[in-house]
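**Student:** Can you keep this structure in mind? I'll have questions shortly.
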Amino acid sequence: EIATKRPSYRWQLLGSYAVGRAFQEQVSVEGESIFGFGAIPVDPNNGVNARGPIFWDRTHMFKVSSSYQFPYDVLVSGNFLAQSGPVFTRTVLVEGLNQGPFTVFAEPRDVSDRLDTLSMVDLRASKVFRLGPNRSVEALMDIYNLFNANTVLSANTLTGAFGSPLTVLSPRIIRFGGRFLF
């Protein structure tokens, strides 16, 4: 669903909510291609516990963007994003196979193994300074990850290091900038 409040009375708003599933249906019938977790698409090991939600499955996604034009050409805008964390499933490295070491899912893929929900707020403030009839300068300040969330974005799936963070949301960043408008 999408909701929009078009620009009027110095403000605007855009919001959206989506529900979805990203699911992989593995086929292991003899003679059919198997595209799964491993590098060799026709290897039967690809079919081990391969049926289930994939990393990109974000069941719920919610986003709101808004801006407000203050007097004296000051514009403040913000974005809020919240989405379900990705699914991750324990894997195991199997060695001693003819094709060499191979990684397979060690347990059935399930939505219960999910990283934390990502919630993030970004803000921007800008001020336009008029230098004449056709020239102006805009000063900008951006704040990314306003509340300094440290959400884990991906985790190790390999048995032995399972669940240890691989990628974490970048820390709060404040950026100042400017541009000439002609």
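**Student:** Among the candidates 82, 161, 155, single out the residue that is closer than 30 Å to residue 49 by Cα, modelled with pLDDT of 95 or more and of a type outside the set (Lys, Arg).
**Tutor:** Values: 161 fails: modelled with pLDDT of 95 or more; 155 fails: modelled with pLDDT of 95 or more.
That would be 82, the only listed residue that is closer than 30 Å to residue 49 by Cα, modelled with pLDDT of 95 or more and of a type outside the set (Lys, Arg).
**Student:** Of the residues that sit in region 57-72 and are farther than 30 Å from residue 136 by Cβ and in a loop (DSSP other than H, G, I, E, B), which one is least open to solvent (accessible area, probe 1.4 Å)?
**Tutor:** Among residues in region 57-72 that are farther than 30 Å from residue 136 by Cβ and in a loop (DSSP other than H, G, I, E, B), the one least open to solvent (accessible area, probe 1.4 Å) is 57.
**Student:** Right, another one. Take residue 104 and tell me if it is surrounded by 15 or more Cβ atoms within 10 Å (Cβ to Cβ) and in contact with a helix residue (DSSP H, G or I) (Cβ under 8 Å, 6 or more places away or on another chain).
**Tutor:** Against the criterion (surrounded by 15 or more Cβ atoms within 10 Å (Cβ to Cβ) and in contact with a helix residue (DSSP H, G or I) (Cβ under 8 Å, 6 or more places away or on another chain)), residue 104 qualifies.
**Student:** Condition (residue is open to solvent by less than 40 Å² (accessible area, probe 1.4 Å), touching a residue at least 40 places away in the same chain (Cβ under 8 Å) and in a loop (DSSP other than H, G, I, E, B)) applied to region 168-178: is it met by at least one residue?
**Tutor:** Checked against the condition, which is being open to solvent by less than 40 Å² (accessible area, probe 1.4 Å), touching a residue at least 40 places away in the same chain (Cβ under 8 Å) and in a loop (DSSP other than H, G, I, E, B), region 168-178 yields at least one hit.
**Student:** Looking only at region 128-167, count how many residues are closer than 30 Å to residue 71 by Cα and either open to solvent by less than 80 Å² (accessible area, probe 1.4 Å) or not polar (S, T, N, Q) (or both).
**Tutor:** Total meeting the criteria: 20.
**Student:** So which residues in region 96-120 are part of a strand (DSSP E or B) and either more than 28 Å from residue 18 (Cβ to Cβ) or among the small types (Gly, Ala, Ser) (or both), if there are any at all?
**Tutor:** 102, 103, 104, 119
**Student:** Which one is nearest to residue 15 (Cα to Cα) among residues in region 81-107 that are touching a residue at least 12 places away in the same chain (Cβ under 8 Å) and out of contact with any Ser or Thr (no Cβ under 8 Å at 6 or more places or on another chain)?
**Tutor:** 87
**Student:** Also: Out of 93, 81, 123, 75, which single residue is part of a strand (DSSP E or B), exposed (fewer than 14 other Cβ atoms within 10 Å of the Cβ) and touching a strand residue (DSSP E or B) at 6+ places or on another chain (Cβ under 7 Å)?
**Tutor:** Just one listed residue meets the conditions, 93.
**Student:** Search region 1-49 for residues being modelled with pLDDT of 55 or more, over 27 Å from the mean Cα position of the chain (by Cα) and among the polar types (S, T, N, Q), and hand back the single one that is farthest from residue 77 (Cα to Cα).
**Tutor:** Going through the qualifying residues, I end up with 45.
The values are calculated or read from the model by the stated rules, or taken from the named source; none is laboratory data. Please read all numbers here as calculations on a predicted model, not as lab measurements. Positions of Cβ are generated from backbone atoms using ideal geometry, with glycine treated the same way; all protein chains shown enter the neighbour counts. Just the protein is used for accessible areas: all its heavy atoms, side chains included, with ligands, DNA and RNA removed. Shrake-Rupley method; radii C 1.70, N 1.55, O 1.52, S 1.80 Å.
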